[in-house]
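The values are calculated or read from the model by the stated rules, or taken from the named source; none is laboratory data. Bear in mind the structure is a predicted one, so any value in this text is a computation, not a measurement. Reconstructed Cβ throughout: ideal geometry from the backbone, glycine too, with neighbour counts over all protein chains shown. Side chains are part of the model used for accessible areas, which takes the heavy atoms of the whole protein and leaves out ligands, DNA and RNA. Shrake-Rupley method; radii C 1.70, N 1.55, O 1.52, S 1.80 Å.
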Amino acid sequence: MNYSILDYVHIFKGETPQQALENTKETVALADSLDYKRYWFTEHHNATTIFSMAPDLLMMLAGTLTKNMNIGAGGIMLPNYSPYKVAENFAMLEAAFPGRVDLGMGRASGTDFLAKIALQMTREKMIEVDTADQIQEIIYHLTKSFPEGHPLQTLKIPGGPYKPNMFMLGSSAGGLSLAAEFGLKFAFAGQLNPNQDVQLLNLYKQRFEAQGHKEKPYSILSKFIFVADTEEEAKLAALPAEISWMKMYKGANAEELQLLTVAEAANYKFTSHELAIREQNKGRFIVGNPEQVKAQIQELERAARIDEIMVADFYPDQRTRLKGHTLLAELMKAEWL
């Protein structure tokens, strides 16, 4: 079973954006040495403690530091871009790192309404886009396969055709339907919708197979994963993320969502309401020592028929993060019964 990482490029407490990038560079190099299948970057805007506004630029950085694993966007949020620009950027990435580029596409904007307006450079009625049309146009641009008479047929991208690995992202039935329709791989954000991950991942494979594509379906499930030498250490490592997600559900602003240090989180006093929210969020997380984490991943592999598990990286500091990714690689490379 493949294993991979989704990097939010967290700015840890007391650190700077520059340090966040240095942390990512260190983590990318480690992941490549530990046989991770792929390393993706999220796209978020108008955040104060997440430095992943431009996943394609981060991919170029990661690509120069790696030799083996795929580098990708999880994802390129289609409402923020023209299909032509997406195709140009990923043609360049594929030319730089042939065979190692993943284009994960999302239907959401990855931000709030104000930032969405700023990204689209309009204060008029927001432009409504059809995601299926965008995906089809990106495919046409990259593969140089516009049908005769298409109004964009004469647009040029040097070289090609280009064939990055294309994924549809989703946390609902909408994303899986597009993945099945276009014959794309599917990455499900189980950290966002843990109550439907098994059901929808199975539905993806059923719909994909029903379409009669030549390719085989391929599914990834991402979760917040925290693995440490002991269960107690893993629970402490996960606690800052649990608190941050609990605060988000209470309507906290961006600054209040900063990941606490492990020491701060250990001293946090939950109200009864906050404890209830924390309990509701448990399905987003896989937490434990290596044997416990392995058992949880194996159960998801069996129930959801997934081909790959992806760590949605919410570790609270660089030391804990590197140790956790090392332990996960070791357990995934061990005999998988």
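What's the number of the only condition in (1) open to solvent by 20 Å² or more (accessible area, probe 1.4 Å); (2) touching a residue at least 12 places away in the same chain (Cβ under 8 Å); (3) closer than 19 Å to HIS141 by Cα that ALA87 fails to meet?
(1)
For residues that are aliphatic (A, V, I, L, M) and either touching a strand residue (DSSP E or B) at 6+ places or on another chain (Cβ under 7 Å) or on the phi > 0 side of the Ramachandran plot (or both), tally how many sit in region 241-260.
In the first step, residues of region 241-260 are kept if they are aliphatic (A, V, I, L, M); the result is 241, 243, 246, 248, 252, 254, 257, 259-260.
The next check asks that each one be either touching a strand residue (DSSP E or B) at 6+ places or on another chain (Cβ under 7 Å) or on the phi > 0 side of the Ramachandran plot (or both); those that pass are 241, 259.
Looking only at that region, the number is 2.
Out of the residues in region 29-58 that are closer than 25 Å to LEU327 by Cβ, among the hydrophobic types (A, V, I, L, M, F, W, C) and free of Cβ contacts under 8 Å to residues at least 40 places away in the same chain, state the one that is surrounded by the fewest Cβ atoms within 10 Å (Cβ to Cβ).
Looking at the filtered set, the residue picked out is ALA29.
Out of everything in region 150-171 that is within 15 Å of the chain's Cα centre (by Cα) and polar (S, T, N, Q), what residue ends up being modelled with the highest pLDDT? Please lay out each step first, then the result.
Here is the first cut: in region 150-171, the residues within 15 Å of the chain's Cα centre (by Cα) are 165-171.
Imposing the further condition that a residue be polar (S, T, N, Q) reduces the set to 165, 171.
Working: ASN165: 97, SER171: 92.
Selected residue: ASN165.
List the pairs whose first member sits in region 252-267 and is more than 16 Å from PHE314 (Cβ to Cβ), whose second member is open to solvent by 40 Å² or more (accessible area, probe 1.4 Å) and at pLDDT 90 or above, and whose Cβ atoms are under 8 Å apart, counting only residues at least 6 apart or on separate chains?
From region 252-267, the pairs are GLU255/THR48; ALA266/LEU236.
Starting from residues that are part of a loop (DSSP other than H, G, I, E, B) and of a type in the set (A, V, I, L, M), keep the ones in region 47-104 and report whichever is farthest from ILE220 (Cα to Cα).
Just the residues of region 47-104 that are part of a loop (DSSP other than H, G, I, E, B), to begin with: 47-49, 51-54, 66-69, 81-82, 97-100.
Narrowing further to those that are of a type in the set (A, V, I, L, M): 47, 53-54, 69.
Numbers: ALA47: 26, MET53: 23, ALA54: 22, MET69: 15 Å.
My answer is ALA47.
crowded, with 16+ Cβ neighbours inside 10 Å, over 26 Å from ARG38 (Cβ atoms) and out of contact with any Cys (no Cβ under 6 Å at 6 or more places or on another chain), is that true of ALA329? Steps first, please.
Details: crowded, with 16+ Cβ neighbours inside 10 Å: yes; over 26 Å from ARG38 (Cβ atoms): no; out of contact with any Cys (no Cβ under 6 Å at 6 or more places or on another chain): yes.
Taking the combined requirement at face value, the residue does not satisfy it.
Restricting attention to region 194-202, does a residue exist that is part of a helix (DSSP H, G or I), surrounded by fewer than 23 Cβ atoms within 10 Å (Cβ to Cβ), within 18 Å of the chain's Cα centre (by Cα) and touching a residue at least 40 places away in the same chain (Cβ under 8 Å)?
Yes: one or more hits.
Please go through region 203-233 and pick out each residue that is more than 15 Å from ALA304 (Cβ to Cβ), more than 19 Å from the chain's Cα centre (by Cα) and touching a residue at least 60 places away in the same chain (Cβ under 8 Å).
ALA228, ASP229, GLU231
Considering only region 133-166, state which residues are touching a Leu at 6+ places or on another chain (Cβ under 6 Å) and either in a loop (DSSP other than H, G, I, E, B) or over 18 Å from MET92 (Cβ atoms) (or both). Talk me through it step by step, then tell me what you get.
Pass one, region 133-166, residues touching a Leu at 6+ places or on another chain (Cβ under 6 Å): 134, 162, 164, 166.
Those that are touching a Leu at 6+ places or on another chain (Cβ under 6 Å) and either in a loop (DSSP other than H, G, I, E, B) or over 18 Å from MET92 (Cβ atoms) (or both): GLN134, TYR162, PRO164.
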